[in-house]
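This report refers to the structure that appears directly beneath it.
The values are calculated or read from the model by the stated rules, or taken from the named source; none is laboratory data. Predicted, not measured: the structure shown is a model, and the values here were computed from it. For neighbour counting, all protein chains shown are included, and Cβ atoms are generated from backbone atoms with ideal geometry for every residue, glycine included. For the accessible areas, the whole protein counts, side chains as well, though only heavy atoms, and no ligand, DNA or RNA atoms are used. Shrake-Rupley method; radii C 1.70, N 1.55, O 1.52, S 1.80 Å.
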Amino acid sequence: MWPAVGESAAGKKREERCLTLLFGRDERRIRLPRSRPYPTNSHVSISGMEQVSPSRLRQTRWCAVVAFGVAMALASPPRLLSQRVAGAPEPVASYTIEASLDDQSHQVRGHQILRWRNTSDHEASELQFHLYLNAFKNSASTWSRGAKPATLDLLDREGWGWIELSRLAVDGDELLSALAYFAPDDDNPEDRTVARVPLPRPVAPGATVEIVVEFIAQLPRLVARSGFKNDFHLVAQWFPKLGVWSADGRWRCHQLHQTSEFFADFGTYDVSITVGEEFVVGATGNLVENRANPDGTKTLRFVQEAVHDFAWTAWPDFAEVRHTFRHPDLPEVELTLLLRPETRRFTTRYLAALEHSLRLYGLWYGAYPYRTLTVVDPPWGAEGAGGMEYPTLFTTGTELPSQPATLEPEGLIVHEFGHQYWHGMVASDEAEEAYLDEGLTTYVSGRLLRQAYGDPAWSYRFWGLERVWPTLRRSEVIDTSTRYFRRPTVDPIARASWGYLDRRSYGSLSYNKMALLLEQIERTVTPPVMERALRAYFHRYRFQHPRAVDLERTLSAESGLDLAPLFVQLLHGSGRLDYAVAEARSHPEADDFGLFGQGEPRRERESDGATPFVSEVVVRRLGEVRLPITTEFVFSDGRRLRRVWDGEERWVRYRIRGPRLVSAEVDPERTMVLDTNRADRRASRRWHQRVRFWIQNFLESAATLG
């Protein structure tokens, strides 16, 4: 017979302190440890008992009690310790992982249980997995083919990375032997970053399967995203991750390229990590248990719902700083900084940048919904780990020295925090449409930095030495524009991340041109309307996978403007936007003279003494992009006149009779931030205004050198 569990003697108290076991008519009460309370309605596991006959019960019941006490001492705290996330969807792909790090071999051994739900209307006859660490396995992988020779030499000297599965079971069916690698993007037979396994039974719409995986992950020498440097470890993209089964019945599961990042479904992650007791650990989610083990290791358990990835870091030398963000209109967030000892003096600047980010993102678009946020500053030699984002955790990279006026590392902190919104929650596909996340993050980062700090100072680095001119400021918009202007027509923005000509084209378009497109829309619809539109976009697609068309439709609906022509030409096209004042002249109108009229009486017209001016201005469309453009005319009496041209033809000529023309300028409100040549926007008939205009353009260009 089995012992029964009786009602707790704590009864109606908030936290249960004891447990009653019933052995027939006998009962034994076990007091729970005060260091580990168990809330009402929580569950614990009871192990170490076996069914016995009544004749043996009296001899064995205390053995059961002892076994239960041991189980209680080792039991994990309940899931209720993990805070619910407001608006969290029903999980699609949830992971329970037990992992241990061997810090000598830099290997992670893992046991993973994945519960996946088919949310489409189509049966799934196979599963597809990302095995990202195989990108660092050899020089023939797709990622390695785009790497610099020095990077591959470093991996060859200090350690390649890989991931291998030792077990794969789906609903009890052992399927490891059926696992096959393939390369859906480039047919590279040596790439092992994507694998698929056929299923003995298709997963029906709405059905859930349980997938058990055992694996070994060999971390590479850290050159990009994940790996080790001495005893520092950043463990990212380290477990077999399921691709995304889309609504149209296909897997979106791409290889790892030099310029591609990550995409996965939302779920709950429950991850237990065992490391040496000397390590300081940071990870995605809430730390719900920290248990010391007899062998000199410790196990930390992190739980987080409503996320689509899990990353962690371990290093004995982290300087750990904790702080609580508080705001009257926003939820509290527990901040953890894991810094290099030499950058601990930047604590105040780090925290200020995080406070600005949480406050302004929260007030502009919506509150950050998670309880925790961890920021990691990798050590020297592990720069490849810097500037990466994961749910509730991101990495930075502080260059020394760094003066406050340069906004470094503030700019990087603000940018990486932005990914918590535009990829962490509004989870667009970073492989197929990286520009949605990167462009939105770059655009909002510029806006936030201007609001919180103003423009950064002009600075220049040479061989690690920093020179700063505090009184000379550079505009983030101009800086972004110049990076785009270097490669304005190589590719359209709307490309898969691996489909650009090269890394420079990927960066200038998916980051810079996309941010400028959003800036141009803001200047067209006004900042308050743009803020409202992006707030609607965030709330509508939070915890979903929006596409570019969803952003376009939301901005159009909220602004009341049809933005489709803008997106067609500037997102899907690679043409230049360039309007110029080609000619501008003004001359006194000559008196008419000669014979006027017919027959009698003919007469000669005489001047009335007035001498109005005739001004002629030619505006040309030098680029391929056709958009309505405004031209402003300024006259000698101070009068201003504006005309709008649809921009369809190659040029338009204006002929105006009146006072002398002083200047003509296209786009006087500076809404066309994507115009690739600002030097030809304006023509002036006064030499000092021409000089001032050219000096202004020179300084704008010089400001981008920092």
- Query: Per the 1.4 Å probe, what fraction of the accessible area of segment 307-396, in percent, lies on carbon and sulfur atoms?
  - Reply: 51 percent
- Task: Along Cα→Cβ, 7 Å out, is where each label goes; now give me the distance between the ones at R167 and R670 in nm to one decimal.
- Result: 6.3 nm
- Semi-axis lengths (Å, descending) of the ellipsoid that matches the C-alpha gyration tensor of segment 204-257: 31, 15, 7
- With label points built 7 Å along Cα→Cβ from the Cα atoms of R639 and N290, find their separation and express it in nm. 7.6 nm
- Message: Using 0.36 nm times the number of residues separating L330 and R653, minus their current alpha carbon distance, what extension gain do you get?
- Response: 110.8 nm
- Message: Could you tell me the ratio Rg/Rh of segment 489-541? Both radii from Cα atoms, Rh via Kirkwood.
- Response: 1.09
- Note on the structure: Working note, segment 296-393: Cα radius of gyration (Å, one decimal) and Dmax (Å, whole number) are 14.4, 47
- Sort all Cα-Cα distances of segment 207-336 into consecutive 10 angstrom bins from zero, then give the percent of pairs in each bin up to the one containing the longest distance. 10, 33, 35, 19, 4, 0
- Query: Counting every Cα pair in segment 79-195, what percent are over 21 Å apart?
  - Reply: 56 percent
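At 0.36 nm per residue, and after removing the present C-alpha to C-alpha distance, how many nm does the segment from Y181 to A536 gain when stretched out fully?
Contour length minus Cα-Cα distance gives 123.7 nm.
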- Item | Förster-model FRET efficiency, 56 Å R0, R250 and E583, C-beta, rounded to 0.05 | 0.55
- Message: Using only the alpha-carbon atoms, what does segment 232-287 span along each of its principal axes? Please give whole angstrom values in decreasing order.
- Response: 48, 28, 15
- Item | Label-zone membership for segment 229-247, site W380, 7 angstrom Cα→C-beta point, backbone N under 18 Å | 229-233
- Query: How large is the Kirkwood hydrodynamic radius of segment 168-282, in angstrom, based on all distinct alpha carbon pairs?
  - Reply: 16.9 Å
- Are there trypsin sites (Lys or Arg not before Pro) in segment 230-330 that DSSP marks as loop and that have at most 15 other Cβ atoms within 10 Å, and which are they? R250
- Calculate how large, on average over all directions, the projected area of the Cα convex hull of segment 277-334 is; give the answer in nm² to one decimal. 5.2 nm²
- Message: From the gyration tensor of the Cα coordinates in segment 83-148, what semi-axes in whole Å does the equivalent ellipsoid have, largest first, with each one equal to sqrt(5λ)?
- Response: 30, 21, 13
- Which semi-axis lengths, in whole Å and largest first, follow from the square roots of five times the eigenvalues of the Cα gyration tensor of segment 611-681? 23, 13, 9
- Note on the structure: Rounded to whole angstroms and listed largest first, the alpha-carbon spread of segment 330-470 along its three principal axes comes to 39, 33, 29
- Query: Could you give the length gained on full extension between T119 and L622, defined as 0.36 nm per residue of separation minus the Cα-Cα distance, in nm?
  - Reply: 176.2 nm
- Message: Looking at segment 301-340, I'd like the Rg to Rh ratio, where Rg is from alpha-carbon atoms and Rh is Kirkwood's inverse mean 1/r.
- Response: 1.04
- Partners for K298 among aspartates and glutamates (Cα-Cα distance below 19 Å; same-chain residues under 8 apart left out): E98, D102, D103, D231, D270, E277, E278, E289, D317, E320
